[in-house]
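Visitor: I have a structure here, written as structure tokens, and I will follow up with some questions on it.
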Amino acid sequence: MKQPIKELKEKEELIQSFIYLKGLVKHHIDSFNQFIDEDIQKIVMAKSNNRIVSDIDNQFYLEYKNIRIGIPTIEENFE
């Protein structure tokens with residue numbers, strides 16, 4: 001689209017077409033899925049997050065190797 005849409009009727013048609021093709025929330029779901037599937041791993045693997053050292057004891061640190069997000073589960077009766 002090269003020129004801005006000025007007419008209200010054209011804007012309404014564009015919005016209706018977008019909702020028809022994409023649905024009302026599909027772009028939010030797609031964005032969330034990309035965050036879960038790709039972006040979290042990139043954040044964890046960033047050089048600045050390579051090793052997170054404790055402020056209290058530098059011998060204690062976290063080092064992430066990989067991350068995954070699975071289906072939510074509930075575990076009960078821990079003994």
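Visitor: So which trypsin sites (Lys or Arg not before Pro) in segment 1-67 are both in a DSSP loop and have at most 14 other Cβ atoms within 10 Å of their Cβ? Before the final figure, lay out the partial values.
Guide: Values: sites: Lys2, Lys6, Lys9, Lys11, Lys22, Lys26, Lys42, Lys47, Arg51, Lys65; in loops: Lys2, Lys6, Arg51, Lys65.
Passing sites in segment 1-67 are Lys2, Lys6, Arg51, Lys65.
Visitor: For Lys47 and Ile74, compute 0.36 nm times the residue count separating them, minus their Cα-Cα distance, and round to one decimal in nm. Spell out each step's value before the answer.
Guide: Details: separation 27, 0.36 × 27 = 9.72 nm, distance 3.33 nm.
Gain on extension, Lys47 to Ile74, equals 6.4 nm.
Visitor: Only one of the listed values, [x] 19; [y] 63; [z] 47, was derived from the coordinates as percent of Cα pairs over 21 Å apart; which label is it?
Guide: Computed from these coordinates, percent of Cα pairs over 21 Å apart corresponds to label [y].
Visitor: Using alpha-carbon pairs under 8 Å, 6+ residues apart, how would you state the relative contact order of the chain in percent? Spell out each step's value before the answer.
Guide: Numbers: 29 pairs, mean separation 14.7, N = 79.
About 19 percent, as a whole number.
Visitor: Taking only pairs that are 8 or more places apart or on different chains, how many Lys pairs in the chain have Cα atoms under 21 angstrom apart? Provide the component values of the computation, followed by the final result.
Guide: Numbers: Lys2/Lys11; Lys9/Lys22; Lys11/Lys22; Lys11/Lys26; Lys42/Lys65; Lys47/Lys65.
Count of close lysine pairs: 6.
Visitor: What residue among Asn33, Asn58, Asn49 shows peak mean-square fluctuation when the chain is described by a Gaussian network model with Cα springs under 10 Å?
Guide: Maximum among the listed residues: Asn58.
Visitor: For a footprinting-style exposure proxy, rank Asp30, Asp55 by other Cβ within 10 Å, fewest first. Please report the intermediate quantities before stating the final value.
Guide: Values: Asp30 11, Asp55 6.
If I rank by nearby Cβ atoms, fewest first, I get Asp55, Asp30.
Visitor: Taking the number of other C-beta atoms within 10 Å as the exposure measure, put Phe32, Phe78 in order starting with the fewest.
Guide: Numbers: Phe32 12, Phe78 4.
Ranked by crowding around the Cβ, least crowded first: Phe78, Phe32.
Values in this text are rule-based calculations from the coordinates and carry no lab data. What you see is a predicted model; the values in this text were computed from it and never measured. Please note: Cβ atoms are built from the backbone with ideal geometry, for glycine as well, and neighbour counts cover all protein chains shown.
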